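Just below is one structure, and these are the notes that go with it.
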Amino acid sequence: MIKTVAVLGAGTMGHGIAHAAMVAGYQTRLYDISQTQLDISVGQVMAILKKGVDLGKMSQGDCNVTFDRLTATTSVGEAVAKADVIIEAAPERVDLKIALISAVEATAPAEAVIASNTSALSITELAAVLRDPGRMGGMHFFNPVHKMKLVEVVRALETSDETVSVMMDVAAQMGKETVLIKESPGFITSRINAMIGNEAFYMLQEGVASARDIDKALKLGLNHPMGPFELGDLVGLDTRLSILQYLHRTLGEKFRPCPLLEQHVKGGRLGRKVGKGVYDY
């Protein structure tokens, strides 16, 4: 029986996954190397819970009980001790994720299931540092986690059936719908979404239309909830570029990043998190 979920990384995705775990009834441990980032993320979790109270989705009492399930820590060992499921949500860099998973290997229970929230990277490569790579797979959540229903469950080369079953069950307990994917660069959504976002930048670079009109066309003409530039700014243009660079290396020229996207990242226009991306905030 799953009782405790550890979330490693307290960024945008990490605090969202932690919130989902808390609401699902799990004792939840949120780890980050930065105490400042942890404090920010705990505040963001509380803000989401408070919004639920304001909207009448939960009582203040339920809010308090849910919040009490959260423990924030700068110690990996404390986060993963006695954890049943560990969800890695570090930035999209292979070296960072491998270092974190190696630390988990040294301190987590041997039977704990480990899942990566990577949106594009090879889980097989990440799992190779484990003595038992069969206990690792992928759980790709979407931003904002408390609103987005989908989790892509990813089976890597050696992911066991039991690990897949646990990931499916945890996602369902969190109220999510799942799709099961055999590992492939970019899975389903990141692969298609990266191509749309990259093509939008090429169109902007060529002067085909303004960013606002490109976003408007996809929202009203293709029924997308957000335009590609709005979504890129929300996710982070540095994250979008990192995914494209990986897809370009693994899948070829059709994913070559647009120079205008690279220029935005070099210029520090990373999106909402810094107050400026394609748009100013």
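Assorted remarks:
- Filter result (buried (at least 18 other Cβ atoms within 10 Å of the Cβ) and at positive phi) within segment 1-40: Gly9
- Listed conditions (1) over 27 Å from Gly43 (Cα atoms); (2) buried (at least 22 other Cβ atoms within 10 Å of the Cβ); (3) touching a helix residue (DSSP H, G or I) at 6+ places or on another chain (Cβ under 8 Å) are all met by Val94, apart from (2).
- Here segment 146-190 is the region considered, the condition is being among the polar types (S, T, N, Q), touching a residue at least 12 places away in the same chain (Cβ under 8 Å) and touching a helix residue (DSSP H, G or I) at 6+ places or on another chain (Cβ under 8 Å), and the residue that is farthest from Lys3 (Cα to Cα) is Ser190.
- Test: residue in segment 137-149 that is crowded, with 16+ Cβ neighbours inside 10 Å, polar (S, T, N, Q) and either in contact with a strand residue (DSSP E or B) (Cβ under 9 Å, 6 or more places away or on another chain) or modelled with pLDDT under 95 (or both): yes
- Residue list for segment 204-258, filter: among the acidic types (Asp, Glu) and more than 24 Å from the chain's Cα centre (by Cα): Glu206, Asp213, Glu253
- Selected residue [farther than 18 Å from Met13 by Cβ, in contact with a strand residue (DSSP E or B) (Cβ under 9 Å, 6 or more places away or on another chain) and not polar (S, T, N, Q)] from Leu126, Leu180, Leu157: Leu180
- Considering only residues in segment 225-281 that are of a type in the set (S, T, N, Q) and touching a Pro at 6+ places or on another chain (Cβ under 9 Å), the one that is farthest from Gly197 (Cα to Cα) turns out to be Thr250.
- Taking the conditions (1) under 27 Å from Asp84 (Cβ atoms); (2) in a loop (DSSP other than H, G, I, E, B) in turn, Pro185 satisfies each one other than (1).
- When restricted to residues that are β-branched (Val, Ile, Thr), in a helix (DSSP H, G or I) and either modelled with pLDDT under 95 or closer than 22 Å to Glu162 by Cα (or both), segment 1-35 contains 2.
- Of all residues in segment 208-264, those that are among the small types (Gly, Ala, Ser), on the phi < 0 side of the Ramachandran plot and buried (at least 22 other Cβ atoms within 10 Å of the Cβ) total 2.
- If the condition is being touching a residue at least 40 places away in the same chain (Cβ under 8 Å), in a strand (DSSP E or B) and in contact with a Gly (Cβ under 9 Å, 6 or more places away or on another chain), then segment 93-145 contributes Val113, Ala115.
- Taken over segment 178-207, the residue count meeting the criterion of being surrounded by fewer than 13 Cβ atoms within 10 Å (Cβ to Cβ) and either touching an Asp or Glu at 6+ places or on another chain (Cβ under 7 Å) or farther than 30 Å from Ser165 by Cα (or both) is 2.
- Test: residue in segment 227-238 that is in a loop (DSSP other than H, G, I, E, B), modelled with pLDDT of 95 or more, not β-branched (Val, Ile, Thr) and not assigned by TED's automatic domain parsing to the domain that holds Glu125: yes
- For Leu251: the one exception among (1) of a type in the set (A, V, I, L, M); (2) within 21 Å of Val94 (Cα to Cα); (3) at pLDDT 95 or above: (3)
- Qualifying residue in segment 239-262 (condition: touching a helix residue (DSSP H, G or I) at 6+ places or on another chain (Cβ under 6 Å), farther than 19 Å from Pro185 by Cβ and not in a helix (DSSP H, G or I)): no
- Gly268 fulfils the conditions (1) surrounded by 11 or more Cβ atoms within 10 Å (Cβ to Cβ); (2) assigned to a helix (DSSP H, G or I) except for a single criterion, (2).
- Test: residue in segment 163-179 that is outside any helix (DSSP H, G or I), more than 29 Å from Ser41 (Cα to Cα) and charged (D, E, K, R): no
The values are calculated or read from the model by the stated rules, or taken from the named source; none is laboratory data. Everything numeric in this text was worked out from a predicted model, so none of it was measured. With ideal geometry, Cβ positions are generated from the backbone for all residues, glycine too; neighbour counts draw on all protein chains shown.
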